[in-house]
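Input: a single structure, listed below in structure tokens.
Values in this text are rule-based calculations from the coordinates and carry no lab data. Note that the structure is a prediction, hence the values are computed from the model and not measured. Cβ coordinates were reconstructed from backbone atoms using ideal geometry, including for glycine residues, and neighbour counts include every protein chain displayed.
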Amino acid sequence: MRYAIHFTPPSGDPLTLAAAGWLGRNVYSGEAVEHPALRGLGVHEIAFHTALPRRYGFHATLKAPFHLHSDLVEAAMLRDLMRFAGTLEPFELPRLEIARLGDFFGLVLERPCPALDYLAAAVVQEFDAFRAPLTEAEIERRNPEGLSASQFANLYRWGHPYVMDEFRFHMPLTGPLAPYEFARIEEALRAHFAPVLSEPVDFSNLALFVEKEPGAPFQVHSLHPMGRISARKIA
């Protein structure tokens, strides 16, 4: 089993429901969801281009997938995650927008968010003790020869190259695409997500995801609300 600590909106959030339709799977229930009917893009094409993000579920990575350290147990991690989330104050994300990131599309922030960068670094540091060390095979799968010096150092220290100063918030929506597909996929994404991207998105929880066996789809295990319990009750 592997775990990951991510951000994803609550199960009933309009963005969550729109993403479930696009990806073809609800990350909370694990159930398949019918893809939308979009002009110029067939349902079978959406299914093909979303196969990779569908397995990982709608999320933004904070602590990348990891095996639990052999000396620790899930219950201890859950207790620490609940305690840690309670020390963080919720905040509103800058507006999300569709963007191309290399050869795939995802949701990114329209402007930097220092509060998010701080939180992401804190999550990586706080929960690294729960992560089993990477094996040599796992390191090789990260293609270390293609990483920058900073990314390479992150991989060995934190188990993932894109953390700390290399962290960039994004929520993947497609797998790798051929250049001739960019314009058509982008148009479909904008048409599908436009109704929900005008609404603010609150960053108010940390989500623990699980992969129950190798190759299985990731699913939300539990949400851990941010902020003191007393403050949440007043709100």
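Descriptive notes on the structure:
- Label zone at ASP71, where the point sits 7 Å out along the Cα-to-Cβ direction: segment 127-154 residues whose backbone N lies under 12 Å: 129-133
- Of the peptides 121-129, 194-202, the ranking by mean beta-carbon count within 10 Å, highest at the top, reads 121-129, 194-202.
- Between GLU45 and ASP165, the FRET efficiency estimated from the beta carbon spacing at R0 = 30 angstrom works out to 0.25.
- Based on Cα contacts under 8 Å between residues 6+ apart, segment 1-115 shows a relative contact order of 25 percent.
- With both labels modelled 7 Å from their Cα along Cα-to-Cβ, the MET1 to MET82 distance reads 1.6 nm.
- Relative contact order, percent, segment 52-178 [alpha-carbon distance under 8 Å, six or more residues apart]: 39
- Mean Cβ count within 10 Å, highest first, over the residues of peptides 102-110, 79-87, 146-154, 2-10: 2-10, 102-110, 79-87, 146-154
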